[in-house]
Amino acid sequence: MSGRRPPVPRPEAEPDGGSATVWAAGAIAGLLAVAGLLWLLGGAVVTRHRAANAADLAALAAAGHAERGTAEACAHAHRIAERMRAHVRECRFDGWDALVVVEAVGPGSLAGFGPVTARARAGPVGSPAMNGRMEPD
């Protein structure tokens, strides 16, 4: 005897060997795709809320300065919207009610989908007369 052992027979390769790795890689890729879509959806929701809040605050700012005239009241609305990373597309008055339309652009790749638009209306509670005046300038 030479001291060498006989070689251990190896099992034959199975036809589906390694398929679990492929399935696991596919599952991970699918989960990453879903996570990416949820991330974009979350960004869109945050942008929508930011636009709505900017519109609300801009309308309140305009309504709060209505007695100074439309130009100055809308200048306040523009200033508030710009601080909230939004842009006032329209600012007008219907009696003492300020009507504001605001646009906000989403971050990153969401910017390619266009701006989000929000509308708001604000005005005094009760009588529309203010200091004897019925309409703003």
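What is the set of long-range amide H partners of Phe93 at a cut-off below 5 Å, with H atoms built 1.01 Å from backbone N?
Leu99
Taking the Cα atoms of the chain, report the difference between the largest and smallest coordinate on each principal axis, in whole Å and largest first.
Here the spans come out as 121, 23, 22 Å, largest first.
Hey, can you grab everything whose amide H is under 5 Å from the amide H of Val105? Only 5+ residues off in sequence or another chain; H modelled, so Pro and N-termini drop out.
Val116
So what's the angle, to the nearest 10 degrees on a 0 to 90 scale, between helix 70-83 and the longest Cα principal axis of the chain?
The angle comes out near 20 degrees.
Which angle between 0 and 90 degrees, to the nearest 10, do you get for helix 19-64 versus the longest principal axis of the chain when only C-alpha atoms count?
Helix 19-64 sits at roughly 10 degrees to that axis.
Given the DSSP H assignment, sum -39500 (n - 2.57) over each helix run of at least 4 residues in the chain and divide by its residue total; what's the result at 222 nm in deg cm²/dmol, nearest 500? Before the final figure, lay out the partial values.
Numbers: 2 runs with 60 residues, N = 137.
Theoretical 222 nm ellipticity from helices: -16000 deg cm²/dmol.
How large is ³J(HN,Hα), in whole Hz, for each residue of region 107-124 in order, when computed from phi with the Karplus curve 6.51 cos²θ - 1.76 cosθ + 1.60 and θ = phi - 60°, using x for Gly and Pro?
x, x, 5, 5, 4, x, 8, x, x, 9, 10, 9, 10, 8, 9, 9, x, x
Step through the residues of region 5-10 one at a time and calculate ³J(HN,Hα) from phi using the Karplus curve (6.51 cos²θ - 1.76 cosθ + 1.60, θ = phi - 60°), rounding each to whole Hz and writing x for Gly and Pro.
These are the phi-based 3J(HN,Hα) values: 7, x, x, 7, x, 8 Hz.
Taken together, the values in this text are just the output of simple stated rules run on the coordinates, not laboratory data. Quick caveat: nothing in here was measured; it's all calculated off a predicted structure.
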